[in-house]
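*Asks:* Below you'll find the structure I mean.
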Amino acid sequence: MDEYEDALRERRYAILSRMDRALQRSGRPRKAAQLMAVSKTVDPVKVEAAIRVGYRVFGENRPQELVRKMNALAPRQELPQVRFDMIGNLQKNKINAVLGRAAYIQSISSESIARAVSVRVEREIAARHMIEPQPVLLEVNVSGETSKAGFAPEELRASMDRLRSLCGIRIAGMMTMAPRAQPTLARATFRGLRELRDELVKAYDGLDLSVLSCGMSEDFEIALEEGATLIRLGRVVFDPSFELE
Ligand SMILES: *Cc1c(COP(=O)(O)O)cnc(C)c1O
């Protein structure tokens, strides 16, 4: 495990320095973006190692895994506080598992799931199991690939008024996924997300979309150049065989 931890630490330094350079290139401050470790493929033991080397924000794509990892870490009082976000497709019958546990639900991909989350949160608040609306990101299918979840940009424009009226959620930003292994398309996707954000913030008084969650192991530098405030890295963080540069 120590060897694995050393490798994680080394990889983290390399990632942070690549982040710094990408932010600098685009004239953005160092603190402009947060690094999330996507822990969906590793056990709690490896998550613990990641915490020891400095990661504080984790992402899971299945509700059961998110709960399992948070429960495994809960007794480890000596570890620093960390946050887990839900980043994968969320089915309605799994909402209760992540409510109040996931710091953010990043995968609000339709009006119907937004409404379902909001209704459940309002119930939890009424029962005093939660005290605040659930922070969420709106998942947008910027690239238009049929395989991808998320609001089509046009659909999001049409839904915005209704989404904003939901009392159980607090919209904090947007997330997207780019086509794999296609840097030009990835850049267009990330830029499209930022432009949509700028447009919506201008159109809706007081709308907060400050979080832009985009960029993965293969394209995070492009995402940072295009305005990402949170990058979600899995393989480059945890897989010692994934090329670092
Ligand atoms: C797996 C996953 C990631 C991380 O992907 P890598 O290519 O391993 O960095 C990021 N976001 C989501 C939604 C994922 O499911």
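Readers should treat all values here as calculations from the given coordinates under stated rules, not as data from a laboratory. Quantities reported herein were computed from a predicted structural model and do not represent experimental measurements. Heads up, the Cβs are rebuilt from the backbone with ideal geometry, glycines too, and the neighbour counts pull from every protein chain shown.
*Asks:* For segment 1-143, just say rounded, prolate or oblate: build the C-alpha gyration tensor, square-root its eigenvalues into a ≥ b ≥ c, call rounded for a/c under 1.5, and beyond that prolate if a/b exceeds b/c, oblate if not.
*Replies:* Since a/c reaches 1.5 but b/c is at least a/b, the shape of segment 1-143 is classed as oblate.
*Asks:* Check G59: other-chain or 5+ apart residues with amide H under 5 Å from its amide H, H built from backbone geometry?
*Replies:* A37, V38, S39, D85
*Asks:* Ranked by Cβ crowding within 10 angstrom, fewest neighbours first, how are C167, C214 ordered?
*Replies:* Ascending number of Cβ neighbours within 10 Å: C167, C214.
*Asks:* Something else now. Helix-only estimate, please: 222 nm mean residue ellipticity of the chain, summing -39500 (n - 2.57) across DSSP H runs of length 4 or more and dividing by its residues, to the nearest 500. It would help to have the intermediate numbers written out before the result.
*Replies:* Details: 9 runs with 107 residues, N = 245.
Calculated from helices alone, the mean residue ellipticity at 222 nm is -13500 deg cm²/dmol.
*Asks:* Summing +1 for each Lys or Arg and -1 for each Asp or Glu, what net charge is found among the other residues whose Cβ lies under 14 Å from the Cβ of L224?
*Replies:* +4
*Asks:* Based only on other Cβ atoms within 10 Å, what is the fewest-to-most ordering of S210, S39? Numbers along the way, then the final one.
*Replies:* Numbers: S210 11, S39 23.
Listed from fewest to most nearby Cβ atoms, that is S210, S39.
*Asks:* Could you list, in their original order, any pairs among K94/K148; K46/K148; K69/K92; K69/K94 whose Cα atoms are separated by more than 25 Å?
*Replies:* Beyond 25 Å between Cα atoms: K46/K148.
*Asks:* Can I ask one more? What does the convex hull of the Cα atoms of the chain come to per residue, in Å³, rounded to a whole number?
*Replies:* 129
*Asks:* For segment 169-245, what does the alpha-carbon gyration tensor say about shape, rounded, prolate or oblate, given a ≥ b ≥ c as the root eigenvalues, a/c under 1.5 as rounded, and a/b over b/c as prolate?
*Replies:* prolate
*Asks:* Let me ask something else. Neighbour counts of other C-beta atoms within 10 Å: give me V140, V201 arranged from fewest to most.
*Replies:* Ordered from fewest to most neighbouring Cβ atoms within 10 Å, V140, V201 come out as V201, V140.
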